1. If you go through the stretch 216-229 one residue at a time, do you hit one that is under 19 Å from the mean Cα position of the chain (by Cα), at negative phi and surrounded by fewer than 13 Cβ atoms within 10 Å (Cβ to Cβ)?
2. Can you tell me which of (1) in the same structural domain as residue 222 (by TED's automatic domain parsing); (2) part of a loop (DSSP other than H, G, I, E, B) is the one residue 249 doesn't meet?
3. Is it true that some residue in the stretch 280-287 is touching a helix residue (DSSP H, G or I) at 6+ places or on another chain (Cβ under 8 Å), at pLDDT 95 or above, surrounded by 15 or more Cβ atoms within 10 Å (Cβ to Cβ) and farther than 23 Å from residue 199 by Cα?
4. Condition test on residue 217, is it in a helix (DSSP H, G or I) and closer than 23 Å to residue 124 by Cβ?
5. Filter the stretch 140-159 down to the residues that are out of contact with any strand residue (DSSP E or B) (no Cβ under 6 Å at 6 or more places or on another chain) and closer than 18 Å to residue 275 by Cβ and list them by number.
6. Tell me yes or no: at least one residue of the stretch 300-316 is assigned to a strand (DSSP E or B) and touching a strand residue (DSSP E or B) at 6+ places or on another chain (Cβ under 8 Å).
7. Whether any residue in the stretch 126-141 is in the same structural domain as residue 209 (by TED's automatic domain parsing), modelled with pLDDT of 95 or more, closer than 22 Å to residue 254 by Cβ and within 12 Å of the chain's Cα centre (by Cα) is what I want to check.
8. Consider the stretch 47-64. How many of its residues are in a loop (DSSP other than H, G, I, E, B), over 21 Å from residue 120 (Cα atoms) and touching a helix residue (DSSP H, G or I) at 6+ places or on another chain (Cβ under 9 Å)?
């Protein structure tokens, strides 16, 4: 089969053996795969949790048709249309754990489906499981113009948050955040942005902050949060080291929660997928969650697609068609 493999000169299209599913896995003929920031690390030869390194195949999410299943799998069958999360999606065939696999609604295209698994799993876990977002509470999504950020806006609205604030440093991107449910869009380059958040909440501050930026906005998050607010550290796009006002953190009695998939067991990852299916499936099947596709590239063009992601100019998701 053809796959994008990381070699000494970077990622390139090569011919390799087709993977075989382990007992709890499904083998999928990939029709579309979506890019994620972690793919940049894998494509540069760096490890990302248990994946990555030399000869790795990037790709955390994809959609296609099941062609074979492992001996322990009894919930998917050859011919099923599915979307998956895992590793190795930049290829004509990929394997996924059956517990990280979801069936495709009849009207959902492979391209659209490929954009959904990571965003749904990440933001449902962050907003619902970790932050315990309740109807009527207020939410701030840092880095809202990414695919995961846009999904966070949508899940917050699905949860009936009373106010959903999204941030982006791009004026063009801020202008589009309302399409995914943002009621307020804020530029964190403006040093007064924490005051703007407090003003939008009547001086109280936001109940929940989902932070994909970290270092440069860490203290601003503490200023923008309400007393007893919850901050979930999902990503570190702005850096993994920075100042932190411990006194303000304690004064407001803020819960600061860190999450990553890199240290989660397969059982934990299955549980996240199961919660997504239990809570969000009717809305997914009805087309209630969607992400804009910024660009489409053929599998052989994956290096160019990764370059576009590295420039950080895209809005939504970048997709490979296989």
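The values are calculated or read from the model by the stated rules, or taken from the named source; none is laboratory data. For clarity, every value in this text was computed on a predicted model and none was experimentally measured. Neighbour counts run over all protein chains shown; Cβ positions are idealised from the backbone, glycine included.
1. The answer is no; no qualifying residue exists.
2. Unmet for residue 249, out of (1) in the same structural domain as residue 222 (by TED's automatic domain parsing); (2) part of a loop (DSSP other than H, G, I, E, B): (2).
3. Yes; the residues of the stretch 280-287 include at least one that is touching a helix residue (DSSP H, G or I) at 6+ places or on another chain (Cβ under 8 Å), at pLDDT 95 or above, surrounded by 15 or more Cβ atoms within 10 Å (Cβ to Cβ) and farther than 23 Å from residue 199 by Cα.
4. Numbers: in a helix (DSSP H, G or I): yes; closer than 23 Å to residue 124 by Cβ: yes.
Spelling it out, residue 217 is indeed in a helix (DSSP H, G or I) and closer than 23 Å to residue 124 by Cβ.
5. 148, 151, 154, 155, 158, 159
6. Filtering the stretch 300-316 for residues assigned to a strand (DSSP E or B) gives 316.
Remaining after also requiring touching a strand residue (DSSP E or B) at 6+ places or on another chain (Cβ under 8 Å): 316.
Taking every residue of the stretch 300-316 in turn, at least one turns out to be assigned to a strand (DSSP E or B) and touching a strand residue (DSSP E or B) at 6+ places or on another chain (Cβ under 8 Å).
7. Yes, the stretch 126-141 has at least one match.
8. Step one: list which residues in the stretch 47-64 are in a loop (DSSP other than H, G, I, E, B), which gives 49-50, 53-60.
With over 21 Å from residue 120 (Cα atoms) added as a condition, the list becomes 50, 53-57.
So of that shortlist, the ones also touching a helix residue (DSSP H, G or I) at 6+ places or on another chain (Cβ under 9 Å) come out as 53, 56-57.
Summing the residues that are in a loop (DSSP other than H, G, I, E, B), over 21 Å from residue 120 (Cα atoms) and touching a helix residue (DSSP H, G or I) at 6+ places or on another chain (Cβ under 9 Å) in the stretch 47-64 gives 3.
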